[in-house]
Amino acid sequence: MKQTLNKLVAPALAAAALASAAPAALVWPDKTITLVVPTVAGGGNDAMARTIAQKLGRLLGQTIIIDNRAGANGSIASEFVARAAPDGHTLMFGYVATHAMNPALQKLRYDPVADFEPVGLVGYSPTLMVGNAAAPIKDVKDLVAQLQAKPDKYTYASAGNGTAPHYAAELFKLNAGVVMLGVPYKGSAPAVSDTIGGQTQLMFPSLFTSMPHVKSGKLKALAVAGPKRSALLPDVPTLKEAGVDGVAEADGKTIRLWAQDHAGWLTMDAVATLR
């Protein structure tokens, strides 16, 4: 897991190293930086953001604080950052919901393209279909057979309506021809917790979020919702290999560091330096 985390944070740390070598004319940062995370504390996004903030702060010689602003599938955080002072000291840990899914699902009060400037790609995590360790599910084929024989036998958890785990679960239902009741939570952390506890039996979290629980035996990895297997779980098949095609479209959570795209604080040359 440590190796995986290192792979995720390496691009950001490289960016920081470049930033530290930037010309003296770029007077940044000159005060505490706020890194806004659009999800609740305890989830995968939050864990990555805190790791990066700690190491990036040391390299920049400045304190970086985490501001968790969950809600509306990341829109609350996005609106806050889009309207923040354009001085480069408010950044956002954006992901697939804030800049890809929300424009199709909500009436937004921010422009995901015009209001932000991408600073750097932090990482990518595939989606993993997991089950409660004690649930009587052998594999995906067995799960589909049980649900076809008894619709709504199992319940799936998601990080909220309109999130990637919700989207993946609904694609699975559609392509497998099964029925399951979905329970939306306020973030991935409580959703994973209840799946481990048995209140829900299935979930489609990111690999980064679920991997520690799979390794500890608290969750059972059933399939990768993507075009290929994960090198970290080579024995876990893709959903297509397991007989359910069409869910790879929901694969993955791409994390980017974003900043406000207002005139003033960062020129395009400075952004290139930070990358």
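The values are calculated or read from the model by the stated rules, or taken from the named source; none is laboratory data. Because the structure is predicted, anything quoted here is derived from the model rather than measured. So basically every Cβ, Gly included, is an ideal-geometry build from the backbone, and we count neighbours across all protein chains shown.
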Has the range 147-167 got any residue that is under 16 Å from Lys220 (Cα atoms), assigned by TED's automatic domain parsing to the domain that holds Ala223, among the charged types (D, E, K, R) and at pLDDT 95 or above?
no
Which of the residues spanning the range 172-186 are surrounded by fewer than 21 Cβ atoms within 10 Å (Cβ to Cβ) and within 24 Å of Gly74 (Cα to Cα)?
Leu181, Gly182, Val183, Pro184, Lys186
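Out of the residues in the range 67-97 meeting the condition of being of a type in the set (A, V, I, L, M) and assigned to a loop (DSSP other than H, G, I, E, B), tell me which one is nearest to Tyr167 (Cα to Cα).
At the first step, the residues of the range 67-97 found to be of a type in the set (A, V, I, L, M) are 70, 72, 76-77, 81-82, 84-85, 91-92, 96-97.
Still in the list and also assigned to a loop (DSSP other than H, G, I, E, B): 70, 84-85.
Working: Ala70: 18, Ala84: 30, Ala85: 34 Å.
So, considering only residues that are of a type in the set (A, V, I, L, M) and assigned to a loop (DSSP other than H, G, I, E, B), the one nearest to Tyr167 (Cα to Cα) is Ala70.
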Matching option when the condition is crowded, with 20+ Cβ neighbours inside 10 Å and at pLDDT 90 or above, among Val81, Val119
Val81
List every residue pair whose Cβ atoms sit under 9 Å apart, with the two residues 6 or more apart in sequence or on different chains, where the first one lies in the range 72-90 and is in contact (Cβ under 8 Å) with a residue 60 or more places away in the chain and on the phi > 0 side of the Ramachandran plot and the second, anywhere, is among the polar types (S, T, N, Q) and part of a helix (DSSP H, G or I).
Asn73/Thr98; Asn73/Asn102
